[in-house]
1. Looking at region 29-37, is at least one residue surrounded by fewer than 19 Cβ atoms within 10 Å (Cβ to Cβ) and within 16 Å of the ligand (Cβ to nearest atom)?
2. What are the residues in region 88-104 that are in a loop (DSSP other than H, G, I, E, B) and within 16 Å of the ligand (Cβ to nearest atom), if any?
3. Which of the residues that make up region 23-52 are under 17 Å from residue 119 (Cα atoms), in a helix (DSSP H, G or I) and modelled with pLDDT of 90 or more?
4. Hey, any hits in region 53-65 for a residue that's surrounded by fewer than 13 Cβ atoms within 10 Å (Cβ to Cβ) and not in a loop (DSSP other than H, G, I, E, B)?
5. Given the residues 122, 133, 112, which is the only one that is farther than 19 Å from residue 217 by Cβ, in contact (Cβ under 8 Å) with a residue 24 or more places away in the chain and either in contact with a helix residue (DSSP H, G or I) (Cβ under 7 Å, 6 or more places away or on another chain) or more than 16 Å from the ligand (Cβ to nearest atom) (or both)?
6. Do you know which of the residues in region 46-87 that are touching a residue at least 40 places away in the same chain (Cβ under 8 Å) and within 25 Å of residue 22 (Cβ to Cβ) is nearest to the ligand (Cβ to nearest atom)?
7. Taking residue 25, is it within 28 Å of residue 195 (Cβ to Cβ), over 13 Å from the mean Cα position of the chain (by Cα) and surrounded by fewer than 14 Cβ atoms within 10 Å (Cβ to Cβ)?
8. Take region 155-175 and flag every residue that is touching a residue at least 24 places away in the same chain (Cβ under 8 Å) and more than 13 Å from the ligand (Cβ to nearest atom).
Ligand code: 13P
């Protein structure tokens with residue numbers, strides 16, 4: 001089980017150390033779950049320091065495909081590795097929606113990150129309109145096959161299924177909807193599959209109990225030590 005917290009554009013560096021200390025204390029004694037936090041770039045160093053030599057991994061929220069170069073505003077694999085960062089999210093729907101990320105650029109970022117030795121959680125998911133139009137599988141197929149063609153079932157790759165209509169809306173996919181989408185994704189690319197979209201301590205048990213759900217990518221509920229730790233504990237219970 002893998003539980004990842006995507007902080008999005010929340011928490012400045014001065015808040016990060018306190019959060020990490022609190023989380024580490026709170027999770028002492030919890031086993032059987034891999035925990036990842038994904039702070040904004042400016043808080044990565046603050047997160048890497050307290051979690052050095054612990055089992056909590058620190059990922060960025062995006063990474064560029066070039067090692068260095070004239071790419072204003074981007075961050076490279078080498079920069080993340082030099083900081084001690086373990087991996088990166090790639091292709092989050094907010095990047096796709098607001099910043100022009102495409103399946104092709106997601107694949108390029110994924111390939112480069114994996115080749116550099118970073119771990120990757122690549123995000124896929126359909127919008128509300130696409131689901132209502134009966135296009136969920138079509139959309140997932142295109143997104144996942146682009147990744148599968150580029151890297152295959154790489155041992156450092158995980159995929160997060162995040163239906164866009166469930167992100168930050170409080171509208172969680174039902175456990176059945178999550179399971180159905182995950183089974184479909186697994187038929188195309190057999191890597192660990194995380195569910196994301198309004199995961200909270202109250203619904204984590206049911207979602208994580210689905211056979212093809214191998215973990216969660218948590219947004220809002222990962223910003224609070226208590227609720228994030230409660231989701232990590234739910235994951236530990238299920239696989240113990
Ligand atoms: P919420 O958990 O806030 O819905 O966000 C999900 C998400 O986008 C995680 O990457």
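The values are calculated or read from the model by the stated rules, or taken from the named source; none is laboratory data. All values derive from a computational prediction rather than experimental measurement. Please note: Cβ atoms are built from the backbone with ideal geometry, for glycine as well, and neighbour counts cover all protein chains shown.
1. Looking for residues that are surrounded by fewer than 19 Cβ atoms within 10 Å (Cβ to Cβ) and within 16 Å of the ligand (Cβ to nearest atom), one finds none in region 29-37, hence no.
2. 91, 92, 99, 101
3. Once the filter is applied, which keeps residues that are under 17 Å from residue 119 (Cα atoms), in a helix (DSSP H, G or I) and modelled with pLDDT of 90 or more, region 23-52 yields 41, 44, 47, 48.
4. Among the residues of region 53-65, not one is surrounded by fewer than 13 Cβ atoms within 10 Å (Cβ to Cβ) and not in a loop (DSSP other than H, G, I, E, B), which makes the answer no.
5. Just a single option satisfies the conditions, and that option is 112.
6. If we take residues in region 46-87 being touching a residue at least 40 places away in the same chain (Cβ under 8 Å) and within 25 Å of residue 22 (Cβ to Cβ), then 61 is nearest to the ligand (Cβ to nearest atom).
7. Judged against the criteria, residue 25 is a match.
8. Answer for region 155-175, where residues must be touching a residue at least 24 places away in the same chain (Cβ under 8 Å) and more than 13 Å from the ligand (Cβ to nearest atom): 156, 157, 175.
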